[in-house]
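Coordinate-derived values only; no laboratory data. This structure is a prediction, so every number in the text was calculated from the model and none was measured. For neighbour counting, all protein chains shown are included, and Cβ atoms are generated from backbone atoms with ideal geometry for every residue, glycine included.
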Amino acid sequence: MDATGLDSNGREFKTADEMWREHTGDPSKKTQWYRDGVSYWEGVNPTMDGVLGGFANVNEPDISCSEDFLKILLSERFPADARRQPLVVLDCGSGIGRVTKNLLIRYFNEVDLLEPVSQFLETARETLALGCQTNAVHKAVNFYCVPLQDFTPEAGRYDVIWIQWCIGHLTDEDFVSFFKRAKVGLKPGGFFVLKENIARSGFVLDNEDRSVTRSDKYFKELFSQCGLHVYRLKDQKGFPEELFAVKMYALTTEAPKRALRAKSKTSINRPRTIM
Ligand SMILES: C[S@@+](CC[C@H](N)C(=O)[O-])C[C@H]1O[C@@H](n2cnc3c(N)ncnc32)[C@H](O)[C@@H]1O
C-alpha cells in the first residue's frame, strides 16, 4: 500500500508498507504488535466508557445510525416474508457486548461474539445472561475468546458478520486474509458490515493501542484485494466534532447488480434501413 501516513507522535511514513515493515516486519515484531494491542485493552475498564475511549455519549447516536442502516440492509437482502431460517450474526471485536446488547440481539435470532480480551467477553456473557431482550428466539450462543487474525468461522453459519471498531488492529495482510476466510462463513445473500473511523487521507497509527485508522481510499483498496464489493455505504452522523469521521460499509461477495442501461441516444438515433 503506497498511502502516506503519520503516527500519534507526529512521525511521517512515506508509505504504509514502510510502517508495516517497521512494526510487524518479522514474526517476533508481529507477535509483539498483537500482544501490545490486546494488553492495551486488558488495562481498560469493562464499561461503556472504557470500550468507547471515554466517549460513552456516542453510544446512542452510534446505535441509532447503525439501526437505520441495518434495517434497510435486512429488508433488501433478507425480506421478512421470504425468511425461512433464523437470522444469525457474528459480532467481531465485541468488547463488552455493547453492539450485541443494544442492537444485534433485537434483530437476530442467534448472536455469536468474538473478543480476544477475556474480561470483556465475560462481562458480555454476564450482561447478556441478565435478560436484556435475550429469550428463546433471540439469544447469544457462542462466545469466542480469540482475535480476528486467528479466527475462521463455521462455513455458511452467518447472515451478517458485524465488525466494528476493531479491524484497525489488523495488519493489511491479516485484514485481507481474515475477510477471505470469513466469506466462507456467510450464508448465500449474507454480507459484512464494517463500521470504522476514517482518516482524512492515508493512515494514522496509534502507538498506544497498536491500531491503524485508514482512509476511505485505503479501505476500498483492501476491499478489492479481498474480492469484496461495497453494496451500501453510510456516514455516521451526530458525533462530537473532535472525533474521526465514521463510515459504515455493507460488503458483499457478489458485485452489485447494475440496472440495465437504456439504449444510448447514439444507438437509438442511428440511421437504420427500412425493412
Ligand atoms: C473500541 S473497542 C470496540 C468494542 C465494540 N466493537 C464496540 O463497538 O463497543 C475495540 C475492541 O477491539 C478488540 N480487539 C483488539 N484487538 C483485536 C483483534 N486482534 N481482534 C479482534 N478484536 C480485537 C478490543 O479488545 C476491544 O474490545
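Some values worked out for this structure:
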| item | result |
| --- | --- |
| Longest DSSP-loop-exposure-free segment, chymotrypsin sites (Phe, Trp or Tyr not before Pro), the chain, at most 16 other Cβ within 10 Å | 56-150 |
| For the stretch 156-171, 3J(HN,Hα) per residue [Karplus equation, 6.51 cos²θ - 1.76 cosθ + 1.60, θ = phi - 60°, Hz, x = Gly/Pro] | x, 7, 10, 7, 9, 10, 9, 10, 10, 6, 9, 5, x, 6, 8, 5 |
| 5 angstrom amide H check on D209, placed H, neighbours 5+ away | none |
| Helical mean residue ellipticity (222 nm; -39500 (n - 2.57) per DSSP H run of 4+; nearest 500) of the chain | -9500 deg cm²/dmol |
| Cα gyration tensor, the stretch 42-99 - rounded (a/c under 1.5), prolate or oblate | oblate |
| Cα shape, the stretch 46-174, gyration tensor, a/c 1.5 rule | rounded |
| Other-chain or far-sequence residues with amide H under 5 Å of F143's (modelled H) | L113 |
| Amide H partners (placed H, <5 Å) of R232, local residues excluded | A250 |
| In order through the stretch 228-245: 3J(HN,Hα) via Karplus (6.51 cos²θ - 1.76 cosθ + 1.60), integer Hz, x for Gly, Pro | 10, 10, 7, 7, 8, 9, 9, 8, 5, 10, x, 8, x, 4, 6, 8, 4, 5 |
| Residue with peak Gaussian network fluctuation, the chain [Cα springs, cutoff 10 Å], from D159, D216, D81 | D81 |
| Residues S177 and F244, FRET efficiency given R0 of 30 Å [Cβ-Cβ distance, rounded to 0.05] | 0.75 |
| Integer Hz, Karplus 6.51/-1.76/1.60 couplings in order for the stretch 102-110, x for Gly and Pro | 8, 9, 4, 5, 7, 10, 10, 6, 10 |
| 11 Å beta-carbon shell around R106, net charge (K/R +1, D/E -1) | +1 |
| Sequence-separation-based contact order of the stretch 1-69, relative, with Cα cut under 8 Å and 6+ spacing, percent | 13 percent |
| Separation of the K187 and S8 label points, Cα + 7 Å toward Cβ, nm | 4.0 nm |
| Over the chain, relative contact order from alpha-carbon pairs under 8 Å, at least 6 apart, % | 18 percent |
| Low-density loop cleavage sites - GluC sites (Glu not before Pro) in the stretch 81-182, where at most 16 other Cβ are within 10 Å (DSSP) | E154 |
| K139-S224 FRET efficiency (beta carbon distance; Förster radius 22 Å; 0.05 resolution) | 0.05 |
| Cα gyration tensor shape for the stretch 177-228, rounded if a/c is under 1.5, else prolate or oblate | prolate |
